[in-house]
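Report on the following structure.
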Amino acid sequence: MCDPHTGERLSSSAKPWLFLKLETDVGVDGWGEASGEWLTPSVEATLHDWSRLLVGQDPTQVVALSEDIANRLPWKGGPVFGAAIAAINMALYDIAGKAWGVPVHTILGGKRRNRVRVYSNGGTFASPSEAVESAQKVAAAGYAGVKANPLETRTWPCDEEAIELSIACVAAIREAMGSHFDILLDTHGSPTPEFALAFAHRVAPYRPLFLEEPIKVGSVEALMEVSRKSPIPIATGEKIFTLRDFKPLIDQRACAYLQPDVKHCFGITTLVAIAQRAEENQMLMAPHNVGGPITHAATLHADAVMNNFLIQETTQVFFEQYTRYAEHDWAIKDGYINISDAPGLGVQVKEADLAKLPYEPLAYRQYHHADGSWKGW
């Protein structure tokens, strides 16, 4: 019999971690994670409401149970339902793996790799010197590269100074770190297509690995235009959820790299399905992840079975917290993180330590142009 319980939130008041524990009547438990980031209270309420759909069910029927919940709803997408089902899907896989004594990647068909190339989010473009310092910090911790957010200093939609500052920061990182260090650029979907393309053409000589979310999510046509004209590969996907949502991007090859987030896209099952569909059009996967240790584990198991995997996002400051709240066997070295072969997801949550954490209200971002108009997200 399954009984879901949510854990404490942590990591930051803008991107909290919401843990889900499923307990069985044979003593095997499983952990999932979901936040929806700024939608966490809604996700938590949804999980509590869905508890009755799990009681009395066989938890090893992972896909059937996940689909059963999704099929009961007239609404088929969105971040709240996507995150709630994702947490259940992860926890069920964790239970199944522990019950059968195998890692989740074995249940998914077997791993294609023993380690995953990994970069750290959280770089800064405040100044060229600070950009280099942040890159050196993540390199020293073993990461293959750093991601930062260019153009965020802009005060209006065509801010030349913002382009110049961002290019100076990228150039400084490339000079300091050499040609083999990955530089990744995330504009959070806020520039116009024209502004994003102007930046892409000017920053291209410094060879960033990709430009993430160069425009607002919603127009496949605009995304295709940027992808066709940009000298830098375009990546996107963290703000869409179902395989159906990804289908137009894949069918039209509207970008180079896809970035679904396992805790938003209905879980491990859907993340792997998106990768399989993308492989047909020779698109690579670079999954989004700014979550906690359970999300991190779930993503790595999905990465392990993808033929078309490129690189995995994590955040150094979050990763360094994982050991405080979960037991794991990961190590980041020479640009890679190992794939765990422990049963289930391979992490054991430290519930007593989580219970000591205080609750913090969500923080909402203020992100405006100089004239007061909204510029972000």
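The values are calculated or read from the model by the stated rules, or taken from the named source; none is laboratory data. Everything numeric here is computed off the predicted structure, so don't read it as measured data. A quick note on method: Cβ atoms are made from the backbone with ideal geometry, for glycine too, and the neighbour counts reach across all protein chains shown.
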> Are any of the residues in the stretch 287-295 closer than 23 Å to Ser35 by Cα, surrounded by fewer than 23 Cβ atoms within 10 Å (Cβ to Cβ) and modelled with pLDDT under 95?
Replying inline: yes
> Which pairs have Cβ atoms under 7 Å, sit 6 or more apart or on different chains, and link a residue in the stretch 132-145 that is without any contact (Cβ under 8 Å) to a residue 24 or more places away in the chain and small (Gly, Ala, Ser) to one that is part of a loop (DSSP other than H, G, I, E, B) and crowded, with 23+ Cβ neighbours inside 10 Å?
Replying inline: Ser134/Gly123
>> Every residue in the stretch 345-374 that is in contact with a Phe, Trp or Tyr (Cβ under 8 Å, 6 or more places away or on another chain) and hydroxyl-bearing (Ser, Thr, Tyr), please.
In response: Tyr364, Tyr367
> Can you name the residue in the stretch 81-112 that is among the β-branched types (Val, Ile, Thr) and buried (at least 21 other Cβ atoms within 10 Å of the Cβ) and, of all such residues, is farthest from Gly291 (Cα to Cα)?
Replying inline: Ile95
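Can you tell me which residue in the stretch 301-330 is surrounded by the most Cβ atoms within 10 Å (Cβ to Cβ), limited to those that are over 18 Å from the mean Cα position of the chain (by Cα) and in contact (Cβ under 8 Å) with a residue 40 or more places away in the chain?
Selected residue: Tyr325.
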> Which residues, taken from the stretch 133-155, are touching a Ser or Thr at 6+ places or on another chain (Cβ under 6 Å) and either of a type in the set (Phe, Trp, Tyr) or outside any strand (DSSP E or B) (or both)?
Replying inline: Ser134, Val138, Tyr143, Pro150, Leu151
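Take the residues of the stretch 217-232 that are in contact with a helix residue (DSSP H, G or I) (Cβ under 8 Å, 6 or more places away or on another chain) and not β-branched (Val, Ile, Thr): which is nearest to Ala273 (Cα to Cα)? Break it down into steps so the answer makes sense when it comes.
Start the filter on the stretch 217-232 by keeping residues that are in contact with a helix residue (DSSP H, G or I) (Cβ under 8 Å, 6 or more places away or on another chain), which leaves 220, 222-223, 225-226, 229-232.
If we keep only those that are not β-branched (Val, Ile, Thr) too, we end up with 222-223, 225, 229-231.
Working: Ala222: 25, Leu223: 22, Glu225: 26, Lys229: 29, Ser230: 28, Pro231: 29 Å.
For the stretch 217-232, the residue satisfying everything is Leu223.
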> Is there a residue being more than 30 Å from Asn338 (Cα to Cα), modelled with pLDDT of 95 or more, in contact with a strand residue (DSSP E or B) (Cβ under 8 Å, 6 or more places away or on another chain) and in a helix (DSSP H, G or I) anywhere in the stretch 169-185?
Replying inline: yes
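Here's a check for you: in the stretch 29-72, which residue that is outside any helix (DSSP H, G or I) and within 25 Å of the chain's Cα centre (by Cα) is surrounded by the fewest Cβ atoms within 10 Å (Cβ to Cβ)? Step through it out loud before you land on a result.
As a first pass, look at the stretch 29-72 and keep what is outside any helix (DSSP H, G or I): 29-36, 54-61, 72.
With within 25 Å of the chain's Cα centre (by Cα) added as a condition, the list becomes 29-36.
Working: Asp29: 20, Gly30: 27, Trp31: 25, Gly32: 33, Glu33: 28, Ala34: 35, Ser35: 27, Gly36: 24.
Ranking the qualifying residues of the stretch 29-72, first place goes to Asp29.
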